[in-house]
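The values are calculated or read from the model by the stated rules, or taken from the named source; none is laboratory data. None of the values given here were measured: they were computed from a predicted structure. As a convention, Cβ positions derive from the backbone with ideal geometry for all residues, glycine included, and neighbour counts pool all protein chains shown.
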Amino acid sequence: MAKILRRERLVPNLHLLEVHAPEIAKRCKPGQFVIVMPDEFGERIPLTIADWNIEKASVTSVFLVVGTSTHKLSLMKQGDDIPVFVGPLGKPVDINKCGTVLCVGGCYGIGAIYPVARAFKEAGNKVITLLDVKANYLLYWEEKLKSVSDEFHISSRDYYYDCKDFVQHILKKIVKDKKESINQVFAIGCTYLMYACSQATKPYGIKTMVSLNPIMVDGTGMCGACRVSVGGETKFTCVDGPDFDGHLVDWEELFARRKSYFDDEIQSLCYWEKKIFP
Ligand code: FES
């Protein structure tokens, strides 16, 4: 059991979850994730750790409401107990001093990229942050990300920001306009964002790491649900990742596998909503 210290809606459809988890808070590193079950009937869902506080013994994640389990999680309140909260899982990000790192985050990945950007900055790198949102009202943690960035950009599809374009185009523009070379790109967000960033950097040969988000069950390498192909080899995202070289990922397979339970998820959500809101 882990007690919820804070659960709040950050922007439409994205929620922050801060949980009292002293053992996890002591051990977590950037890029790792937790497995959460909102109740004993729900599925196990992986959430990337977006922040932690050892004094407060808390671990924070940002999650997108997509199916029944995340809907259930979004209705939980401060003081509620989460029956399963396991972690930290997965390999931490390989943080090194390499020069200039471009961190890209979109959707829940805006939260998830924060500890990665912070760690690269603390390691002495120049950090350029690029956040992708469809519209200005979907942006959160702007100041937090700015505080760990040397340079800050936003790509959006509305007229609120200067950079009105798709993330891959803004990313390419940053790469082309820079006098110094960008040594690494790190992208976290929806599968399409990570795919698009990897495609954008490929012609420039910039190392691009992505934090993959396949369906997971146990999160400890035993079920095979999170299988992905990287460089022609089968990898389990939960134990071999979640970070992989975006230029080597078999994206077509990942897109297809993520859709495996799409119809069942819709049915489950409709059934649950009828029960909760008859
Ligand atoms: Fe089961 Fe990764 S989630 S092997």
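Brief remarks follow.
- Selection within the range 108-137 - closer than 19 Å to residue 64 by Cβ, touching a residue at least 40 places away in the same chain (Cβ under 8 Å) and surrounded by fewer than 22 Cβ atoms within 10 Å (Cβ to Cβ): 137
- Exactly one residue out of 74, 58, 147, 155 is of a type in the set (S, T, N, Q) and surrounded by fewer than 16 Cβ atoms within 10 Å (Cβ to Cβ): that is 147.
- Filtered by the rule that a residue be in contact (Cβ under 8 Å) with a residue 60 or more places away in the chain and of a type outside the set (A, V, I, L, M), the range 248-270 gives 251, 255, 258, 265, 268.
- Some residue of the range 210-220 being away from the ligand (no atom under 16 Å from the Cβ) and either among the polar types (S, T, N, Q) or surrounded by 19 or more Cβ atoms within 10 Å (Cβ to Cβ) (or both): yes
- Filter result for residue 274 (more than 16 Å from the ligand (Cβ to nearest atom), within 20 Å of residue 99 (Cα to Cα), free of Cβ contacts under 8 Å to residues at least 40 places away in the same chain and in a helix (DSSP H, G or I)): no
- Taking first residues from the range 20-32 that are on the phi < 0 side of the Ramachandran plot and partners that are assigned to a helix (DSSP H, G or I), the Cβ contacts under 6 Å between residues at least 6 apart in sequence or on separate chains come to 30/115; 30/116; 30/119.
- Pairs with Cβ under 8 Å, 6+ apart, first in the range 163-184 and free of Cβ contacts under 8 Å to residues at least 60 places away in the same chain and more than 16 Å from residue 199 (Cβ to Cβ), second in a helix (DSSP H, G or I) and among the hydrophobic types (A, V, I, L, M, F, W, C): 163/170
- Out of 241, 232, 224, sole residue that is within 15 Å of the ligand (Cβ to nearest atom) and farther than 20 Å from residue 109 by Cα: 224
- The requirement of being touching a Phe, Trp or Tyr at 6+ places or on another chain (Cβ under 9 Å), at pLDDT below 95 and aromatic (Phe, Trp, Tyr) is fulfilled somewhere in the range 159-166, by at least one residue.
- Which numbered condition residue 238 fails, given (1) of a type outside the set (Phe, Trp, Tyr); (2) on the phi > 0 side of the Ramachandran plot; (3) crowded, with 17+ Cβ neighbours inside 10 Å: (2)
- Residue in the range 193-207 that is within 16 Å of the ligand (Cβ to nearest atom) and modelled with pLDDT under 95 present: no
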